[in-house]
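**Student:** A single structure is presented below for examination.
The values are calculated or read from the model by the stated rules, or taken from the named source; none is laboratory data. Keep in mind the model is a prediction, meaning the values are calculated, not measured. With ideal geometry, Cβ positions are generated from the backbone for all residues, glycine too; neighbour counts draw on all protein chains shown.
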Amino acid sequence: MTDRKIRKQITVAAAFLLILIGIQLLYLAKLSIWDGNELSAHPLNMRSALMEQDIRRGCILDREGRVLAESAADGERSYPYGRILAPVTGYQTERYGGTGVEQVTGLELSGVTTDVAHMGPLRTLLRADAGYDVRLTVDAALSEAAWNALGSRRGAVVVLDAATGAVRTMVSAPSYDPATAEKHWDELTSREDSPLLNRASQGLYPPGSTFKTLIADAALTAGMTNPDEVFTCTGELAIGTDYVLHESHHEAHGKLHLADALRESCNVTFATLALRLGSRGLSSAFDRFGVGEELTDAEIAMTAAHVPKMSRLSDGEIAQIGIGQGELLVTPLQMALIADAFANDGKIMQPYLVEQVLTAEGTPLYEANPAVARTATTVERAAIIDSYMADVVAAGTGTAAHVEGVRVTGKTGTAENASGTDHAWFIGSAERGGHKIVMAILVEEGGFGGRAAAGIARTVIQNYFDGLRSLH
């Protein structure tokens, strides 16, 4: 009996150990197969960098083949456009890992394709003799024009192809030189103006009146208004017994339709609409447009908008949301995606940076496939808001963005800044000859959006279409 009992205990213990070994093997398989790409590409994975350091890293190119990053014979990385495109290229360091395209396509730049990236040490036997080149969607010349238009001001410019989501430029100022990021790390991380922050996709700001485009769509969608309704703006709106919302510069717009309200950027009208929508109506619109959600595409890390708990807001706070103020904070990229919905028949495209991965002979190993991220509104409502935004540029607060021969739509914004001068915004689209772009421009402490941000938009639009003309 004793021997039988011992044998039974040994069998149970052996079975238990086999189960543990099986679980461990399954976990290792999960890490290697399902999580391998993500772990390999993680910016803090120094093991990947060390495994590929003997391979000459491939070039990062813009859409026209201009070199944005390349390696010298000694392996040192150089960036011809430096701080202009640092938010896009990112940096690659031994000590601090990588960011941007350098991090996202680090394996490809080191000669490793995605199908062997998860094979661990075996990938060193299967990788190419030299790194692959990565061609991006960005236009270096357009980026330079956007950078120069910002000048010494802090801010961001992001431009997307409306139909595909391809990022044509993503500029953030101030910036840094990726080639010397590791050398000057302590200085860069201690500066109050945060040069390492990509303001285009990670900076959070109140959107100001640019957000009125979404509120207009939300009110039309919920049946809270229609294009024929006549609003009356006396210059102020009493909310409850202890709060009065004022019009900018205490201006009274009088009688106006929704199109007029967007053109003149009437606070009273859009605060009224937000109150009609209430927390549920606003939350529904935010969900449709993806406001408050993180961008899941690994190519671009976009900080999720800060959206307050709607059900806890007072009427005064809801009214503030209606004019893009209060606790609401968004990135410029988020606002460019909202602009895309109105320029692109209600669809928001997934923004992307990598167009192709190329061998040394120029053979594509990967080509981008544009995708719809979400359908935010209907074709009909998108056309209505788009026409209203065209009026803003033709005869409203956005006339500084007008470009002769180009159909330009837009919405300006002057967002209150608790720590200084107001921020300036412009969002919109530009179309000529079948080519259409959408954009968002933010100038920190830039004052009135119709001057500072809309003027930059005009420069960007002119350079974009001049560039297309030169290509043909």
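**Student:** So which of Gly447, Gly455 ends up being surrounded by fewer than 21 Cβ atoms within 10 Å (Cβ to Cβ), on the phi > 0 side of the Ramachandran plot and not in a strand (DSSP E or B)?
**Tutor:** The unique qualifying residue is Gly447.
**Student:** Only residues in region 60-73 that are β-branched (Val, Ile, Thr) count as the first member; pair them with residues that are surrounded by fewer than 17 Cβ atoms within 10 Å (Cβ to Cβ), Cβ under 8 angstrom, at least 6 apart or cross-chain, and list the lot.
**Tutor:** From residues that are β-branched (Val, Ile, Thr), the pairs are Ile60/Val67; Val67/Pro80.
**Student:** Then there is this: Examine region 391-410 for a residue that is in contact with a Leu (Cβ under 8 Å, 6 or more places away or on another chain), within 21 Å of Pro351 (Cβ to Cβ) and touching a residue at least 24 places away in the same chain (Cβ under 8 Å), and state whether such a residue exists.
**Tutor:** No, region 391-410 contains no residue that is in contact with a Leu (Cβ under 8 Å, 6 or more places away or on another chain), within 21 Å of Pro351 (Cβ to Cβ) and touching a residue at least 24 places away in the same chain (Cβ under 8 Å).
**Student:** Next question. Limited to region 329-343, what total is found for residues that are out of contact with any strand residue (DSSP E or B) (no Cβ under 6 Å at 6 or more places or on another chain) and either free of Cβ contacts under 8 Å to residues at least 24 places away in the same chain or of a type outside the set (Ser, Thr, Tyr) (or both)?
**Tutor:** 4
**Student:** Considering only region 80-95, state which residues are assigned to a helix (DSSP H, G or I) and either polar (S, T, N, Q) or within 20 Å of Ile300 (Cβ to Cβ) (or both). Can you show your working first?
**Tutor:** Step one: of region 80-95, the residues assigned to a helix (DSSP H, G or I) are 82-84, 86-89.
Correct list: Arg83, Ile84, Ala86, Pro87, Val88, Thr89.
To keep it simple, each residue is scored yes or no on (1) touching a residue at least 40 places away in the same chain (Cβ under 8 Å); (2) under 24 Å from Gly165 (Cα atoms); (3) surrounded by fewer than 20 Cβ atoms within 10 Å (Cβ to Cβ); (4) aromatic (Phe, Trp, Tyr).
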{"residue": "Ala200", "(1), (2), (3), (4)": "yes, yes, no, no"}
{"residue": "Asp217", "(1), (2), (3), (4)": "yes, yes, no, no"}
{"residue": "Thr232", "(1), (2), (3), (4)": "no, no, yes, no"}
{"residue": "Leu256", "(1), (2), (3), (4)": "no, no, yes, no"}
{"residue": "Arg263", "(1), (2), (3), (4)": "yes, no, no, no"}
{"residue": "Thr269", "(1), (2), (3), (4)": "no, no, no, no"}
{"residue": "Glu293", "(1), (2), (3), (4)": "no, yes, yes, no"}
{"residue": "Ile300", "(1), (2), (3), (4)": "yes, yes, no, no"}
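**Student:** Of everything in region 96-105, what is out of contact with any Asp or Glu (no Cβ under 7 Å at 6 or more places or on another chain) and in a loop (DSSP other than H, G, I, E, B)? Give them in sequence order.
**Tutor:** At the first step, the residues of region 96-105 found to be out of contact with any Asp or Glu (no Cβ under 7 Å at 6 or more places or on another chain) are 97-103, 105.
Matches in region 96-105: Thr99, Thr105.
**Student:** Which count do you get for residues in region 138-165 that are in a loop (DSSP other than H, G, I, E, B), within 23 Å of Val104 (Cα to Cα) and touching a Pro at 6+ places or on another chain (Cβ under 9 Å)?
**Tutor:** Kept after step one, since they are in a loop (DSSP other than H, G, I, E, B), are these residues of region 138-165: 138-139, 151-154, 162-165.
Those left that are additionally within 23 Å of Val104 (Cα to Cα): 138-139, 164-165.
Subset that is touching a Pro at 6+ places or on another chain (Cβ under 9 Å): 164-165.
Residues meeting the conditions: 2.
**Student:** Look at region 199-217 and say how many of its residues are charged (D, E, K, R), within 17 Å of Ala376 (Cα to Cα) and out of contact with any Cys (no Cβ under 9 Å at 6 or more places or on another chain). First the steps, then the outcome.
**Tutor:** From region 199-217, those charged (D, E, K, R) are 199, 212, 217; that's our starting set.
Retained after the next criterion (residues that are within 17 Å of Ala376 (Cα to Cα)): 212, 217.
Next, only the ones that are out of contact with any Cys (no Cβ under 9 Å at 6 or more places or on another chain) stay: 217.
Summing the residues that are charged (D, E, K, R), within 17 Å of Ala376 (Cα to Cα) and out of contact with any Cys (no Cβ under 9 Å at 6 or more places or on another chain) in region 199-217 gives 1.
So that you can scan it fast, the table gives a plain yes or no per residue for (1) in a helix (DSSP H, G or I); (2) under 16 Å from the mean Cα position of the chain (by Cα); (3) touching a residue at least 24 places away in the same chain (Cβ under 8 Å):
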{"residue": "Val167", "(1), (2), (3)": "no, yes, yes"}
{"residue": "Asp186", "(1), (2), (3)": "yes, no, no"}
{"residue": "Leu220", "(1), (2), (3)": "yes, no, yes"}
{"residue": "Glu229", "(1), (2), (3)": "no, no, yes"}
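**Student:** Further, regarding this structure: Of these, Glu299, Glu294, which one is in contact with a helix residue (DSSP H, G or I) (Cβ under 8 Å, 6 or more places away or on another chain) and charged (D, E, K, R)? Steps first, please.
**Tutor:** Values: Glu294 fails: in contact with a helix residue (DSSP H, G or I) (Cβ under 8 Å, 6 or more places away or on another chain).
Matching residue, one of Glu299, Glu294: Glu299.
**Student:** Regarding Gly278, is this residue of a type outside the set (D, E, K, R), at pLDDT 95 or above, surrounded by fewer than 19 Cβ atoms within 10 Å (Cβ to Cβ) and farther than 21 Å from Ala376 by Cβ?
**Tutor:** The answer is no for Gly278.
**Student:** Among the listed residues Asp62, Asp35, identify the single one that is modelled with pLDDT of 80 or more and within 27 Å of the chain's Cα centre (by Cα).
**Tutor:** None of the other options fit; the residue is Asp62.
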